[in-house]
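What follows is a set of notes on a single structure, which appears directly below.
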Amino acid sequence: MTTPLIGISKSTIEVKELIRHVASSCLNVLITGETGVGKGVIAQNLYSNSMRSSKKLVTINCAALPETLLESELFGYAKGAFTDAHRNRPGKFQTADKGVLFLDEIGDMPMTLQSKILHALQNGKFSPLGSDKEIQSDVWVIAATNQNLEKKIAERKFREDLFYRLNIINIHLPPLRKRQEDIPSLVDYFYDCNKMKYPQSQSGKPDSATLTKLCDYPWPGNVRQLQNTIKKQMVFNSWEKVLEELPGAVLANRTEPEGNGQTNPAKPVTREPNKIISEFIDTSMTPDRMLENISLKKIKKLASGRVEKEVIAFILKKAGWNRSLAAKILKISYKALLYKINEFEVHPPIK
Ligand SMILES: Nc1ncnc2c1ncn2[C@@H]1O[C@H](COP(=O)(O)OP(=O)(O)OP(=O)(O)O)[C@@H](O)[C@H]1O
Ligand SMILES: [Mg+2]
């Protein structure tokens, strides 16, 4: 069953519109975004909204298999191609004929196979391993990656011609921390999906203070991490425990206990170094992935942005939302403060 793409943020709505448009065209699509943002969900929705939904959606994870196995999985093999090849076996390109081939984690595709894929896409035909015969196949190719393919091209680790073949349409989903408006509807959705699975769950959905904390958390593992957090809450029936155990535990450490709603400036925010790291870096990434996704400059910007946002929100609150007083306290111009309020989307409390 297709998972619906839940969310009301501007970027999610734009992606939904793009899915509707692209699904009728069957132009090759490259889906990009950090791990866990929902690239797989987009691929499913493209398929189920297309004219090819009565045929197969065939998925292959290019990162999960060693090169030789990946090749035989994609293109199949002929009887006798290697010692254990006792019969002909079709590959994914053939199985997906008239349907959709989803090349997941395409950034991990070895260079040698990239040429063979390009050839298959350009000519609509390919040869299985150990065979001279060419097989015709008409597939709609959707690819996904959390890597920066342009950077890989510059490093000569990804073929530019294949990139342009795949990236006719790019669908990019920003990380969850950049579309916080999606969080309440995702929380609702994951509760409803898991109700039957966790009948012991009692208290259920978060109150508004907890929801605010969930929206403020940076979710380095994106929607997948939010989904697992909801499941954990449903099992343990305790938001306190779940929030405390979130990597970085930013929520538990950052504010005073619920009730007075004030942040205490006198109390230093103490976080263990490894918690600071997991706040800004997905620590489960391999060094290869880190090479693609991390730079000190980016992290510095993210970290200083988050500190600025918190300080501005705190001072505005202290100044009773008197913006010119807040600007004077912060020693910045009134115009600069307005710009930052807008940039960081700092909102006055709803009365
Ligand atoms: N907008 C959404 N609405 C509903 N469920 C979502 C949404 N986004 C993600 N999910 C769920 O979150 C989980 C992670 O999503 P998905 O596997 O599509 O991410 P991904 O970007 O492909 O991650 P990876 O890069 O690790 O492969 C899945 O269980 C998926 O069903
Ligand atoms: Mg995926």
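Every read-out reported here was derived from the displayed coordinates using simple, explicitly stated rules and does not represent laboratory data. In this text the structure is predicted, and so the values were computed from the model without any measurement. Note that each Cβ is placed from the backbone with ideal geometry, even for glycine, and that neighbours are counted across all protein chains shown.
Test of the criteria: in the stretch 68-142, which trypsin sites (Lys or Arg not before Pro) are in a DSSP loop and have at most 14 other Cβ atoms within 10 angstrom of their Cβ? Mind showing how you got there, number by number?
Details: sites: K79, R87, K92, K98, K116, K125, K133; in loops: K79, R87, K98, K133.
For trypsin sites (Lys or Arg not before Pro) across the stretch 68-142 that sit outside H, G, I, E and B with at most 14 neighbouring Cβ atoms in 10 Å, the list reads K79, R87, K98, K133.
Just from its helices, what would the mean residue ellipticity at 222 nm be for the chain, if runs of 4 or more DSSP H residues each count -39500 (n - 2.57) and the sum is divided by every residue, rounded to the nearest 500 deg cm²/dmol? Please list the in-between numbers first.
Numbers: 17 runs with 170 residues, N = 351.
Taken over the chain, the calculation gives -14000 deg cm²/dmol.
Let me know the Kirkwood hydrodynamic radius for the chain, please, with Cα pairs as the basis and the value in Å to one decimal.
After inverting the mean inverse Cα-Cα distance, the result is 23.2 Å.
With 10 angstrom as the radius, rank I332, I312 by how many other C-beta atoms surround their C-beta, starting from the fewest.
Arranged by neighbour count, lowest to highest, I332, I312 become I332, I312.
Scanning the chain for GluC sites (Glu not before Pro) in DSSP loops with at most 11 other Cβ atoms within 10 Å, what's the longest stretch left with none?
Counting at most 11 other Cβ atoms within 10 Å as exposed, the longest clean stretch of the chain is 1-154.
Is the C-alpha gyration tensor of the stretch 30-69 telling us rounded, prolate or oblate? Criteria: a/c under 1.5 is rounded; beyond that, a/b larger than b/c is prolate, otherwise oblate.
It is oblate, given that a/c is not under 1.5 and a/b is not larger than b/c.
Quick one: net charge around Y47, please, counting Lys, Arg +1 and Asp, Glu -1 for every other residue with C-beta under 11 Å from its C-beta.
With Lys, Arg at +1 and Asp, Glu at -1, the net is +3.
Principal axis extents for the stretch 295-351, Cα atoms only, whole Å, descending order, please.
In descending order, the Cα extents are 39, 25, 16 Å.
If Rh is defined by the Kirkwood formula over all Cα pairs and Rg also comes from Cα, what ratio Rg/Rh do you get for the stretch 10-174? Kindly include the intermediate steps, with their values, before the conclusion.
Working: Rg = 15.8 Å, Rh = 16.2 Å.
Ratio of gyration radius to Kirkwood radius: 0.97.
Would you tally the net charge around H172, using a Cβ to Cβ cut-off of less than 14 Å, leaving H172 out, and scoring K and R as +1, D and E as -1?
Values: positive: K10, K16, K39, K178, R179; negative: E14, E17, E34, E150.
Around H172, the surrounding residues sum to +1.
Whole angstrom only: what separates the Cα centroid of the stretch 46-73 from the Cα centroid of the stretch 14-42?
Between the Cα centres of the stretch 46-73 and the stretch 14-42 lies a distance of 15 Å.
Only Cα pairs within less than 10 Å get springs; with that Gaussian network setup on the chain, which residue of T229, T95, T68 has the largest fluctuation?
Between T229, T95, T68, it is T68 that shows the largest mean-square fluctuation.
Can you tell me the 0 to 90 degree angle between the C-alpha axis of helix 10-25 and the longest principal axis of the chain, rounded to 10?
Between helix and principal axis, roughly 20 degrees.
Mind checking the log10 I(q)/I(0) for the stretch 120-217 at q = 0.12, 0.14, 0.19, 0.22 Å⁻¹? Debye, one equal scatterer per Cα, no solvent, two decimals.
Relative scattering, expressed as log10 I(q)/I(0), comes to -0.72, -0.80, -1.00, -1.16.
Which is the longest run of the chain containing none of the chymotrypsin sites (Phe, Trp or Tyr not before Pro) found in DSSP loop states (not H, G, I, E, B) with at most 16 other C-beta atoms within 10 Å? Before the final figure, lay out each step's value.
Values: sites that count: F82, W321.
Longest stretch, sites excluded: 83-320.
Out of all DSSP beta bridges in the chain, what portion is antiparallel? Express it as a percent rounded to 5.
Bridges in the chain are about 15 percent antiparallel.
What FRET efficiency comes out for the pair M51/H119, r = Cβ-Cβ distance, R0 = 22 Å, nearest 0.05?
The value I calculate is 0.30.
On a 0 to 90 degree scale, rounded to 10, what angle separates helix 222-236 from the longest Cα axis of the chain?
Approximately 70 degrees, to the nearest ten.
What does the charge add up to near I329, with Lys and Arg as +1, Asp and Glu as -1, over the other residues with Cβ less than 11 Å from its Cβ?
+4
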